[in-house]
Amino acid sequence: MNDFIEEAEERNAPPEEQVHSRYICTANHGFAPYAQEELRRLFGAVKSTLLLPGEIFIATLQHKPEEVNRLLLQQLPIFLRHIQPIEFQDEGSLAGLERLAVYLSRRSELEGLKVSLHVRKSGDSFWQESPGELREWLQEHLGSLSAEFTVHDPAWVISVYADGNALYAGVSRPEHNLSSWNGGAIRFRKEDGQISRAKFKLMEAEKEFDIPFYSFKNAVDIGASPGGWTSFLLERGLKVTAVDPALMHPSLRNAPGLKILRKNAGEVKFRENEFDLLVCDMSWSPKLMAKLVTGLLHSLSPGGTAIITVKLMHKKPLALIKELIAMFEGERMQIQRAKQLFHNRDEITLYMIKY
Ligand SMILES: C[S@@+](CC[C@H](N)C(=O)[O-])C[C@H]1O[C@@H](n2cnc3c(N)ncnc32)[C@H](O)[C@@H]1O
């Protein structure tokens, strides 16, 4: 219904105002509707076409690309994990791919610079092999382009999406993709003896928010068991106080620098400014979590950092997040970022600094 109205609005606009730009947008599975809502709030009318239900969609915005980039960076979205421009579209076939190679070879701004080639495909893609093989095929066919293909620190990103019977591609600066990983999906290798997958969330927060964990000294980890986050903080050289009524993993029980309090977070008492880092991954009712955490914020020194996961049990996550942010802001916490990380499931991560 909405799409129908929006299309009608487009048709009525005078020709000089019909500015369009198109994007492939990605969110965590099930959260595409919230990413669409974020775009709607930023850009007004948005026409959406699903590529992968709940996760990947094409958005047509009535804004110029520069304006889209500016507004997105000014107000970083929570659920829109990754965005890539569609500047080239063709049929999904070898002939389409050959035309894409010609098109990209003519993008002179790429000449002599470091370029990442990100390739994704849908489950029913015309391209039967792996995305990696498609990347290799394209790289071989871009021989005339004297770009340096790289994974790290590219000046430009070429993003290609091979759908069922269509091929989409675009070229962008990495910061305009909202994430420097292909589709915003950062993957870490599971370490030997890794205590929990939860550790990946803090590893991702470190990279995504550029958090200098090595610079902190004394952390409190609320809801710490079995100890993935605690082990990460110990590895970064911090002293850690772990609070959880549940048992910590045996490998942590005598770890140097670790104090374990087998208690409910509502029962612990800390001194003023005892910690310069507070982390909480309690996976609990968000409002009760916020109440418990705000009750402990006196122990975080001014300038200290807090990283908290917020479970989204609610039907209206955007309203819930707004309410929680207001609660923390009322406690002298400045929000640095609120984002659903790739490793967050039904939750988001809040990164805050106390003033
Ligand atoms: C998702 S797990 C935490 C995983 C942990 N971050 C890791 O990396 O291994 C959530 C933990 O929160 C704890 N928890 C829930 N409510 C709590 C409370 N009121 N006080 C302290 N811990 C609590 C649970 O016992 C559970 O161990």
Taking segment 271-286 and the residues there that are within 13 Å of the ligand (Cβ to nearest atom) and of a type outside the set (A, V, I, L, M, F, W, C), the one that is nearest to residue 218 (Cα to Cα) would be 281
Out of the residues in segment 132-155 that are farther than 22 Å from residue 176 by Cα and touching a residue at least 40 places away in the same chain (Cβ under 8 Å), state the one that is surrounded by the most Cβ atoms within 10 Å (Cβ to Cβ). 142
Quick check: anything in segment 238-249 under 24 Å from the mean Cα position of the chain (by Cα), within 12 Å of the ligand (Cβ to nearest atom) and of a type outside the set (D, E, K, R)? no
Residues in segment 158-193 that are within 16 Å of the ligand (Cβ to nearest atom) and within 19 Å of residue 342 (Cα to Cα) total 3
Name every residue in segment 32-66 that is assigned to a strand (DSSP E or B) and in contact with a helix residue (DSSP H, G or I) (Cβ under 9 Å, 6 or more places away or on another chain), in order of residue number. 46, 47, 48, 49, 50, 52, 56, 57, 59, 60, 61
How do the pairs read when you match residues in segment 217-230 that are of a type in the set (Phe, Trp, Tyr) with residues anywhere that are assigned to a strand (DSSP E or B), using Cβ under 7 Å and keeping only pairs 6 or more apart or on different chains? 229/221; 229/279
Given (1) crowded, with 21+ Cβ neighbours inside 10 Å; (2) touching a strand residue (DSSP E or B) at 6+ places or on another chain (Cβ under 7 Å), residue 77 misses just (2)
Taking the stated definitions as given, is residue 222 buried (at least 19 other Cβ atoms within 10 Å of the Cβ), within 14 Å of the ligand (Cβ to nearest atom), modelled with pLDDT under 95 and among the β-branched types (Val, Ile, Thr)? no
Would you mention how many residues in segment 42-74 are touching a strand residue (DSSP E or B) at 6+ places or on another chain (Cβ under 9 Å), polar (S, T, N, Q) and farther than 28 Å from residue 165 by Cα? 1
Assuming residue 203 fulfils every condition listed in (1) touching a Ser or Thr at 6+ places or on another chain (Cβ under 9 Å); (2) of a type outside the set (Asp, Glu); (3) assigned by TED's automatic domain parsing to the domain that holds residue 237 apart from one, which condition is it? (1)
Could you count how many residues in segment 282-306 are surrounded by fewer than 22 Cβ atoms within 10 Å (Cβ to Cβ), hydroxyl-bearing (Ser, Thr, Tyr) and not in a loop (DSSP other than H, G, I, E, B)? 3
Would you call residue 196 within 25 Å of residue 71 (Cβ to Cβ), surrounded by 13 or more Cβ atoms within 10 Å (Cβ to Cβ) and polar (S, T, N, Q)? no
Cβ pairs under 9 Å, 6+ apart, first in segment 163-175 and closer than 16 Å to residue 113 by Cα, second acidic (Asp, Glu): 171/87; 171/109; 172/87; 174/153
Does any residue of segment 255-278 turn out to be small (Gly, Ala, Ser), closer than 30 Å to residue 33 by Cβ and free of Cβ contacts under 8 Å to residues at least 60 places away in the same chain? no
So residue 198 passes all but one of these: (1) over 30 Å from residue 109 (Cβ atoms); (2) modelled with pLDDT under 95; (3) not aromatic (Phe, Trp, Tyr). Which condition number does it fail? (2)
Surrounded by fewer than 20 Cβ atoms within 10 Å (Cβ to Cβ) and either assigned to a helix (DSSP H, G or I) or not charged (D, E, K, R) (or both), is that true of residue 183? no
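The values are calculated or read from the model by the stated rules, or taken from the named source; none is laboratory data. For clarity, every value in this text was computed on a predicted model and none was experimentally measured. When we count neighbours, we look across all protein chains shown, and the Cβ atoms used for this are built from the backbone with ideal geometry, even at glycine.
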